[in-house]
1. Scan (1) surrounded by fewer than 16 Cβ atoms within 10 Å (Cβ to Cβ); (2) in contact with a Pro (Cβ under 8 Å, 6 or more places away or on another chain); (3) modelled with pLDDT of 90 or more; (4) small (Gly, Ala, Ser) for the single condition Gly53 breaks and write down its number.
2. Scan the stretch 54-80 residue by residue and report those that are of a type in the set (Gly, Ala, Ser) and in a loop (DSSP other than H, G, I, E, B).
3. Considering only residues that are over 15 Å from the mean Cα position of the chain (by Cα) and among the basic types (Lys, Arg), which ones fall in the stretch 1-49?
4. Could you please give the count of residues in the stretch 11-44 that are acidic (Asp, Glu) and either buried (at least 19 other Cβ atoms within 10 Å of the Cβ) or in a helix (DSSP H, G or I) (or both)?
5. Considering only residues that are closer than 20 Å to Pro47 by Cβ and more than 11 Å from the chain's Cα centre (by Cα), look in the stretch 64-83 and name the one that is modelled with the highest pLDDT.
6. Among the listed residues Gly68, Gly56, which satisfies the condition of being out of contact with any helix residue (DSSP H, G or I) (no Cβ under 7 Å at 6 or more places or on another chain) and either on the phi > 0 side of the Ramachandran plot or of a type in the set (S, T, N, Q) (or both)?
7. For Glu90, state whether it is assigned to a helix (DSSP H, G or I), surrounded by fewer than 16 Cβ atoms within 10 Å (Cβ to Cβ), charged (D, E, K, R) and modelled with pLDDT of 90 or more.
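The values are calculated or read from the model by the stated rules, or taken from the named source; none is laboratory data. None of the values given here were measured: they were computed from a predicted structure. Don't worry about glycine lacking a Cβ; one is built from the backbone with ideal geometry, like all the others, and counts go over all protein chains shown.
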Amino acid sequence: MSTLEDERKDAILRASVDHWARLAECEPLYGETAGGGSCPLCMEYAPHAWDHGGCGECPVKMKTGKPGCASSPWMAANTAWFARKMPQEERYERFRAMLAFLVELLPGGHQ
């Protein structure tokens, strides 16, 4: 893989980290949700959902070995987005868990 490809993948991952940081800080952009339609990683890799066994070479899939963000904190975070009766702190705790998971995937493991 070329350095340019690595830089592009890192930029997409960083954009996803920024996305989850906004959710965790209760500052989403207009229309931004916990769903794949708002996630830069999903927007990049979901069109290739059937390549390489699902989700292409998405860093989350490469880490978990499973497509669809399975075995990551995403399902709990996505559920929290729609669970209006869930205590607010629990909701944001789930968003922070997804954020922390993605930060670990960054080169050097930090923002």
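1. Of (1) surrounded by fewer than 16 Cβ atoms within 10 Å (Cβ to Cβ); (2) in contact with a Pro (Cβ under 8 Å, 6 or more places away or on another chain); (3) modelled with pLDDT of 90 or more; (4) small (Gly, Ala, Ser), only one is false for Gly53: (3).
2. The answer is Gly54, Gly56, Gly65, Gly68, Ala70, Ser71, Ser72.
3. Residue satisfying the conditions is Arg8 alone.
4. Within the stretch 11-44, the subset acidic (Asp, Glu) is 18, 25, 27, 32, 44.
Those still in the list that are either buried (at least 19 other Cβ atoms within 10 Å of the Cβ) or in a helix (DSSP H, G or I) (or both) too: 18, 44.
Adding up the residues that qualify gives 2.
5. Of the residues in the stretch 64-83, the ones closer than 20 Å to Pro47 by Cβ are 64, 66-70, 72, 74, 78.
Right, trim to more than 11 Å from the chain's Cα centre (by Cα) and you get 64, 66-67, 70.
Numbers: Thr64: 95, Lys66: 91, Pro67: 88, Ala70: 92.
It comes out as Thr64.
6. On the way: Gly56 fails: out of contact with any helix residue (DSSP H, G or I) (no Cβ under 7 Å at 6 or more places or on another chain).
Going through Gly68, Gly56 in turn, just one is out of contact with any helix residue (DSSP H, G or I) (no Cβ under 7 Å at 6 or more places or on another chain) and either on the phi > 0 side of the Ramachandran plot or of a type in the set (S, T, N, Q) (or both): Gly68.
7. Values: assigned to a helix (DSSP H, G or I): yes; surrounded by fewer than 16 Cβ atoms within 10 Å (Cβ to Cβ): yes; charged (D, E, K, R): yes; modelled with pLDDT of 90 or more: yes.
Yes; evaluated as a whole, the condition is true for this residue.
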